[in-house]
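Below is one structure, written out as structure tokens; the observations come after it.
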Amino acid sequence: MTPSDVKATLSFSDGSPSMDLPIYKGTIGPDVIDIRKLYGQTGKFTYDPGFLSTASCNSTITYIDGDKGELLYRGYPIEQLATQCDYLETCYLLLNGELPSGKEKEDFTHLVTHHTMVNEQMQFFLRGFRRDAHPMAILTGLVGGLSAFYHDSTDIHNAEHRAISAIRLIAKMPTLVSMAYKYTIGQPYIYPKNDLSYAGNFMRMMFATPCEDYNPNEVLVRAMDRIFILHADHEQNASTSTVRLCGSSGTNPFAAIAAGVACLWGPAHGGANEAALNMLEDVQKMGGVEKIGEFIKQVKDKNSGIKLMGFGHRVYKNYDPRAKLMRETCHEVLDTLGLHDDPIFKLAMALEKIALEDEYFVARKLYPNVDFYSGIVQRAIGIPVSLFTAIFALARTVGWIAQLNEMIGDPEYKIGRPRQLYNGAAQRNVKAIGERD
Ligand code: SDX
């Protein structure tokens, strides 16, 4: 961190002693005011529920400029990575800080490929669930359960354990997600096939059956790989912050990632792609494009509790760059499948156009985010809506791991332990039960 020449001075109107606070500059983006000594010197906490003005860490992994709609993984624009690289190159970049050479990519791919199977006992884990269990409920259990199989690599402070756990998690998430899917449709699990690409292997484990050969459509495989790249990391979002806080206790990597899966499930976060598609289908049932005006009116009515799912973002106050790329992928996939007249896609584009021109959304800087189009692409590929967030979790696993490893590797890190503003009852004494009102 680079100290700024500028200091912040905190002074109090009641004449309490003022305090100078150091300011640090990053490579790009907002400076930070270092308040670590604030409580020790003033006996006061800062107050920032939802962390709208709080930097929780010093990171070198992902940078977002919400006003410009920019997203960089290790300095590379998402638009270049999504069009010039594949997901495993992006994983290597996020984990190691640099894009791999040809040899490094070959070695990394070989390593990941040869860790894609899970212990045969995992299938019995699934049997405890009802067949109609939500895939995210199953995935949360499976990922946490992985820690029971790798006692040889659960010491988060051991760099070798962190490295092998990263490979195991990246390699096994497609297998676990496809197992969760196959379980819910009563089909047998499909084992990984080592001569397929990462995304191709996932598509085969999802859609193949033992009854016939399955050769994934290369356009769809590329679309799946792009979905993985676009969802790989996103700075200190809710689930990444959950993984950091969970991992800060020293728990094993599998448990910390399982906490991230659980957090991502929420409809305000990773569950939004499932919610966005359900919303589009609801509007379609209401009457489609003709009924958009009526639906938008409901969204504007605070009492309706209805939000335009797939719109808005805590950081992006401009178009989410991932949404633009996802919309392009939508066109490619729907054209490949001969679905360019897909009514849901047409409805989505009409809804987006209206929202982008409507003062209510413009005033609140509500633009489509990554979740608005990702559901349409996945639905066209044949992925059930209930699996969308599990695929988001699959893709985000590498980002969670990279962020967790960065924290654990920082000699300054401590267990995360926020404080509070207390407004509960002041101290009082217990009365015998007979004396209580
Ligand atoms: C992801 O953080 C990340 O990086 C997340 C993510 C990642 O990659 O990890 O990008 C992935 O989670 C994307 C976001 C997916 N969520 C959704 O699409 C759900 C719908 N969006 C909203 O719930 C909301 O926009 C949030 C949660 C995404 C952001 O909420 P904020 O920043 O807390 O903003 P807010 O709720 O305070 O909204 C500001 C105003 C409010 O109106 P007023 O009180 O000012 O009148 O905008 C309104 C909100 O009511 N608003 C919406 C809206 N989002 C915000 N109104 C209608 N529809 C919406 N989608």
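The values are calculated or read from the model by the stated rules, or taken from the named source; none is laboratory data. As the structure is a prediction and not an experimental result, all values here were calculated from the model. Neighbour counts are summed over all protein chains in view; Cβ atoms, including those assigned to glycine, are modelled from backbone coordinates with ideal geometry. Accessible surface is based on the protein model in full, side chains and every heavy atom, while ligands, DNA and RNA are left aside. Shrake-Rupley method; radii C 1.70, N 1.55, O 1.52, S 1.80 Å.
Quick rundown of the values:
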| read-out | value |
| --- | --- |
| In degrees, nearest ten, helix 135-146 long axis to first principal axis of the chain (Cα) | 70 |
| Share of carbon and sulfur in the accessible heavy-atom surface of the chain [1.4 Å probe, %] | 53 |
| Within a Gaussian network of the chain (alpha carbon springs, distance under 10 Å), most fluctuating of 248, 53, 374 | 53 |
| Whole-number D in µm² s⁻¹ for region 251-407, Kirkwood Cα-pair radius fed into Stokes-Einstein, 37 °C, 0.692 mPa s | 199 |
| In Hz, Karplus ³J(HN,Hα) per residue of region 21-27 (6.51, -1.76, 1.60; θ = phi - 60°; x = Gly, Pro) | 10, x, 10, 10, 10, x, 5 |
| Selected from 424, 293, 43 as most flexible by GNM, with the chain as the system and alpha-carbon contacts under 10 Å | 424 |
| Amide H within-cut-off set for residue 311, under 5 Å, with H built and near neighbours excluded | 369 |
| Listed peptides 147-156, 216-225, 319-328 by packing density, highest first (mean Cβ within 10 Å) | 319-328, 216-225, 147-156 |
| Rg and Dmax [Cα atoms of region 114-180; Å; Rg one decimal, Dmax integer] | 12.4, 39 |
| Shape of region 324-363, Cα gyration tensor, a/c cut at 1.5 | oblate |
| Average projection area in nm² (convex hull over Cα atoms of region 87-147, one quarter of hull surface) | 5.4 |
| Built amide H within the under 5 Å cut-off of residue 4, gap 5+ | 23, 24, 25 |
| Dimensions in Å of the chain - Rg and Dmax from alpha carbons | 23.7, 80 |
| Placed amide H near residue 62: partners under 5 Å, 5+ positions off or other chain | 74, 235 |
| Within the chain, helix-based [θ] at 222 nm, where runs of 4 or more DSSP H residues each add -39,500 (n - 2.57), nearest 500 | -15500 deg cm²/dmol |
| Spacing of the two label points (7 Å from each Cα toward its C-beta) at residue 53 and residue 422, in nm | 2.5 |
| Accessible area (Å², per residue) of the chain, counting only protein heavy atoms and a probe of 1.4 Å | 50 |
| Most fluctuating residue given options 30, 253, 384, as computed from a GNM of the chain linking Cα atoms under 10 Å | 30 |
| For region 307-321, Karplus couplings with θ = phi - 60° (6.51, -1.76, 1.60), whole Hz, Gly/Pro x | 10, 7, 5, x, 10, x, 6, 4, 9, 6, 10, 8, 5, 4, x |
| Shape category assigned to region 39-175 from the gyration tensor of Cα positions, a/c cut at 1.5 | oblate |
| Eligible lysines near residue 105 by straight Cα distance, threshold 25 Å, same-chain separation 8 or greater | 172, 193 |
